[in-house]
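Let me begin by presenting the structure, written as structure tokens, before commenting on it.
Read the figures in this text as sums done on the coordinates, not as results from a lab. The model shown is predicted, which means the values in this text are computed figures rather than measured ones. Don't worry about glycine lacking a Cβ; one is built from the backbone with ideal geometry, like all the others, and counts go over all protein chains shown.
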Amino acid sequence: MDVRSLDETVKGLDGGIELLFKLGLFLVPPALGERPHSGLNRLHVRLEFGVESLEFLRESTKFCRIGDGLGHDRPPEGFGKYRECTGKEVVTLPGTGFSTLEKEVKMTENNLINGQWVGSDSGATFEVHDPATGRVVGRVPDAGAAEARRAVDAAWNASSAWAGRPAIERAQMLQALSARLAEDREDLARLLTDEQGKPLAEARAEIDYARSFFEVSAQASALIRDETPSVPGKKIRVHRRPIGVAAAITPWNFPIAMLAKKMAPAMAVGCTQVLKPAEQTPLSAIALLERAVASGVPAGVVNLVTGDPAAIGAAWLEDSRVRKFSFTGSTEVGRILMRGAATNLPRLSLELGGHAPMIVFEDAAVDRAVEIAMAAKFRNGGQTCICPNRFLIHRSLHDDFVSKLANRSAALTSGHGHDPEVVLGPMIDDAAIEKVEAHVADAVEKGATVVTGGRRRRVEGFQDRFFEPTVLTGCTSHMRCWREETFGPVCPVRIFDDQAEALALANDSDFGLASYVVTNDEERIRRLGDELRTGIIGVNDPGPAVAGVPFGGVKHSGFGREGGRWGLEEYLELVTVSAIDPASR
């Protein structure tokens with residue numbers, strides 16, 4: 001079959017992957033392939049037997065067969081010089097027993113400014129890597145201050161029209177975006193796993209979590225109303241209006257959900273935005289913005305710039321038109337942003353470091369406590385801001401809890417997130433795993449005992465970024481893992497004897513984002529809101545962060561709230577209108 005007839009045959013590819021097999025290019029049953037859907041950015045097809053793979057671009061419908069690292073060094077006879085028709089490689093994931101076929105469908109890797117997809121002024125780009133394999137999964141613009149300022153120009157020019165739209169129209173646009181995320185859930189999840197490393201099941205859950213913010217914000221926007229307090233002799237109206245242009249910088253650990261957390265409430269109340277994703281995970285953010293544009297969001301309402309974080313952040317802080325700045329990330333960077341905001345005084349929302357305690361009281365069921373610990377701790381390999389980092393276990397339960405936690409932890413499987421058997425993906429980069437390693441070494445040097453784990457886990461064929469699930473006992477306040485956020489799969493455990501001691505140890509931290517408690521004592525549960533100094537408390541609940549409730553911390557974990565109507569309030573300013581009827585004078 002020549003290339004031209006191949007082009008014609010596959011134009012209807014969305015009808016099913018079986019068409020590829022009908023072309024005779026794969027000697028594999030069609031059932032081994034995953035059915036593609038329209039709008040996919042990448043399609044991963046499970047293959048067996050090490051057959052040759054096909055790579056193609058939907059935009060040009062030009063095809064080529066290439067070697068896939070399984071012993072095929074050159075295109076087979078009859079395909080001539082068609083290898084150069086694509087720039088991607090078919091990748092074999094070592095240790096998983098399957099190859100990965102990638103389909104590119106008009107996915108941009110540019111920035112979005114004023115409704116246009118653009119590169120950096122200099123043309124410079126930087127690479128985005130799969131943290132598990134090290135392969136390049138994309139290249140995005142390496143932009144700076146000039147591009148950041150033009151993004152503000154676009155947001156500023158669009159702000160009046162967007163704020164003036166009826167709230168119901170903005171809400172409908174958010175719901176349309178949520179529906180598009182649902183439609184493209186699978187390819188978004190796979191893209192997320194490619195650049196962030198988390199298991200595919202968790203990536204799918206993140207897409208669902210992101211959708212919930214658009215849905216909740218659309219609903220909550222209907223609750224934003226003026227108030228009319230009673231004041232003798234006056235007619236008072238307390239009016240809420242959008243604050244204006246809002247900037248946001250998001251982290252790499254939940255690259256779609258964190259962006260949705262900031263986009264949804266701002267869009268719902270009529271703010272326009274300038275957005276910067278983390279350098280490690282910009283592709284997911286770009287994909288989300290693509291779907292915003294496709295959902296009808298007008299030019300300039302949302303703008304995205306990738307590149308130099310210091311230059312971009314400084315440009316936005318120095319621009320007096322930016323009236324709101326939201327950041328999720330480290331406490332150190334949060335302090336820098338606060339200092340930078342001193343000149344123009346934008347409203348800040350800072351969701352910073354977390355170092356959550358988990359208290360298991362004497363009345364808890366150990367098996368249930370271990371289930372909660374496993375669910376809360378090892379999501380995203382422990383790279384979450386609200387996962388428990390300090391385990392406080394009542395003396396009567398300590399040994400049983402530690403034994404069961406260690407056994408369950410040791411059984412967790414590490415590898416590439418596309419492997420359905422994998423529970424733990426890699427640390428995001430070399431610096432991250434080095435920090436985890438340093439925290440464990442420090443604890444051992446200061447007297448902690450490694451019950452399980454404690455070192456890197458070698459996964460054949462992948463980067464050296466996997467760490468064994470680790471349980472440490474005998475931990476003290478002098479250890480780094482007890483004072484600092486580890487951001488990895490490490491469980492430092494400490495004994496307590498009574499409630500007063502447990503609460504004192506839990507509150508003995510500069511951080512105050514989340515905490516967890518396992519208990520059946522209703523009176524104790526009732527008092528926890530006053531006694532634990534954190535913004536979020538999960539009682540017998542490993543997942544207290546949901547879109548409909550406020551999310552945020554206290555102390556060095558920052559301030560401001562995201563979620564529900566409280567998240568919308570962060571993007572509104574209050575105006576008091578006080579009127580006296582002229583006829584009454």
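Quick rundown of the values:
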| item | result |
| --- | --- |
| Whole-angstrom Cα spans of region 356-556 along principal axes, big to small | 53, 41, 32 |
| Across LYS261/LYS324; LYS377/LYS404; LYS198/LYS276; LYS235/LYS261; LYS435/LYS555; LYS198/LYS555, pairs whose alpha-carbon gap is larger than 26 Å | LYS235/LYS261; LYS198/LYS555 |
| Directionally averaged projected area (convex hull, Cα atoms, region 166-248), nm² | 7.7 nm² |
| FRET E, pair ASP510, ALA579, Förster distance 56 Å, beta-carbon r, rounded to 0.05 | 0.75 |
| Protection-proxy order for peptides 390-401, 556-567, 230-241, 261-272, each taking the mean of Cβ atoms within 10 Å per residue, highest first | 261-272, 556-567, 390-401, 230-241 |
| Estimated vicinal HN-Hα couplings, Hz - region 343-353 in sequence order (Karplus 6.51, -1.76, 1.60; Gly, Pro = x) | 6, 9, 6, x, 5, 10, 10, 10, 9, 10, x |
| Relative packing of peptides 509-520, 136-147 - highest average C-beta neighbours within 10 Å first | 509-520, 136-147 |
| Segment ALA311-GLU531, extension gain: residue separation times 0.36 nm, minus the distance between their alpha carbons | 75.1 nm |
| GLN172 versus ARG395: modelled label distance in nm, points set 7 Å from Cα along the beta carbon direction | 6.6 nm |
| Convex hull volume of region 182-228 per residue (C-alpha atoms, cubic angstrom) | 78 Å³ |
| 16 Å reach of a label modelled at VAL554, 7 Å along Cα-to-Cβ, counting backbone N of region 485-512 | 503-512 |
| Paramagnetic reach from ARG241 (point 7 Å along Cα→Cβ, amide N under 20 Å) across region 285-320 | 301, 320 |
| 10 Å-binned pair-distance histogram of region 494-585 (Cα, whole percent) | 14, 35, 24, 11, 8, 6, 2, 0 |
| Considering only region 356-556, percent of DSSP beta bridges that pair antiparallel, nearest 5 | 25 percent |
| Rounded to whole Hz, the Karplus (6.51, -1.76, 1.60) HN-Hα couplings of region 126-139, x for glycine and proline | 10, 8, 10, 10, 6, x, 7, 10, x, 6, 6, 9, x, 9 |
| Tensor-based shape of region 259-327 (alpha-carbon gyration tensor, a/c under 1.5 rounded, otherwise prolate or oblate) | oblate |
| Reduced Cα scattering model of region 107-204, Debye log10 I(q)/I(0), q = 0.24 Å⁻¹ | -1.13 |
| Residues GLU522 and LEU345, FRET efficiency given R0 of 56 Å [Cβ-Cβ distance, rounded to 0.05] | 0.80 |
| Ordering of 490-502, 208-220, 189-201, 430-442 by burial proxy (mean other Cβ atoms within 10 Å per residue, highest first) | 189-201, 208-220, 490-502, 430-442 |
